[in-house]
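**Student:** Dropping a structure here in structure tokens format, bear with me for questions.
The values are calculated or read from the model by the stated rules, or taken from the named source; none is laboratory data. Since the model is a prediction, treat every value here as computed from it, not as a measurement. Cβ coordinates were reconstructed from backbone atoms using ideal geometry, including for glycine residues, and neighbour counts include every protein chain displayed. Note: accessible area is taken over every heavy atom of the protein model, side chains too, but ligands, DNA and RNA are not part of it. Shrake-Rupley method; radii C 1.70, N 1.55, O 1.52, S 1.80 Å.
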Amino acid sequence: MSTPRRRVAAYVIRHRAGPELLVFDHVGIPDAGTQIPAGGIEPGEDPHAAALREVTEETGLDTCTVIGVVGIDHRPHPITGQPRHTHVLHLRVPDDAPDTWTHTVRGDGTDTGLQFACHFVPLPLPEPLADEQDLFLGHLDPDWTTLTRR
């Protein structure tokens, strides 16, 4: 059995009329589905730093604050079946973050150069996210500002 890939996924939430979650769609790749910022943890990097880095690389937002770890998802990759451990974190972004924008992914990962159409959707979600990335949203309090203790 191979060593699980260490990853992060970020629930980036802002509050306007109500709580909203940052999501993105791949420009020109509709089958990828709506997703949240996520990616690998680099050697020596802690999950908090990795989540902030992934959000910046994939969306361009660099004003997020980590609230805490929501949980760890131990499900394997849905296509390859390779083992992975995804640290799911709750982040907060200022309420004046833009509503929609397109961002070209930066960094040295496999998604570098892809374009993501970023936007906020109201919580609770009207539709599920790709790869069941919304699995841990229920671990946030109903006001979407703090973590529950489960």
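**Student:** As a test of reading the structure, rank Thr100, Thr34 by solvent-accessible area (1.4 Å probe, protein chains only), most first.
**Tutor:** From most accessible down to least: Thr100, Thr34.
**Student:** Could you order Phe136, Phe116 so the one with the most accessible surface comes first? Probe is 1.4 Å.
**Tutor:** Phe136, Phe116
**Student:** Evaluate the relative contact order of the chain (contact order divided by residue number), counting alpha-carbon pairs under 8 angstrom at least 6 apart; express in whole percent. Kindly include the intermediate steps, with their values, before the conclusion.
**Tutor:** On the way: 296 pairs, mean separation 44.7, N = 150.
Reported relative contact order: 30 percent.
**Student:** Relative contact order, percent, of segment 87-144 when contacts are C-alpha pairs under 8 Å separated by at least 6 residues? Could you put the intermediate results ahead of the total?
**Tutor:** Values: 33 pairs, mean separation 14.2, N = 58.
In percent, rounded to a whole number, it is 24.
**Student:** For segment 56-150, give the percent of accessible area contributed by carbon and sulfur heavy atoms, probe 1.4 Å, rounded to a whole number.
**Tutor:** On the way: 2850 of 5260 Å².
That fraction is 54 percent.
**Student:** Along the positive direction of the dipole of the chain (beta-carbon charges: Lys, Arg +1; Asp, Glu -1; about the Cα centre), which of Val27, Phe136, Gly109 reaches farthest?
**Tutor:** Phe136
**Student:** Also, quick follow-up: For Leu125 and Glu42, what does the FRET efficiency come to when R0 = 35 Å and r is the distance between their Cβ atoms, rounded to the nearest 0.05? If you can, show how the numbers build up before the last one.
**Tutor:** Working: r = 29 Å, r/R0 = 0.84.
Rounded to the nearest 0.05, the efficiency is 0.75.
**Student:** Another one. Determine the per residue accessible area of segment 1-136 with all protein chains present and a 1.4 angstrom probe, expressed in square angstrom.
**Tutor:** Solvent-accessible surface per residue comes out at 50 Å².
**Student:** Sorted by mean Cβ packing within 10 Å, highest first, what order do the peptides 75-84, 16-25 take?
**Tutor:** The most tightly packed comes first, giving 16-25, 75-84.
**Student:** Kirkwood hydrodynamic radius (Cα pairs, Å) of the chain? Mind showing how you got there, number by number?
**Tutor:** Numbers: mean 1/r = 0.0644 Å⁻¹.
Kirkwood radius, the chain: 15.5 Å.
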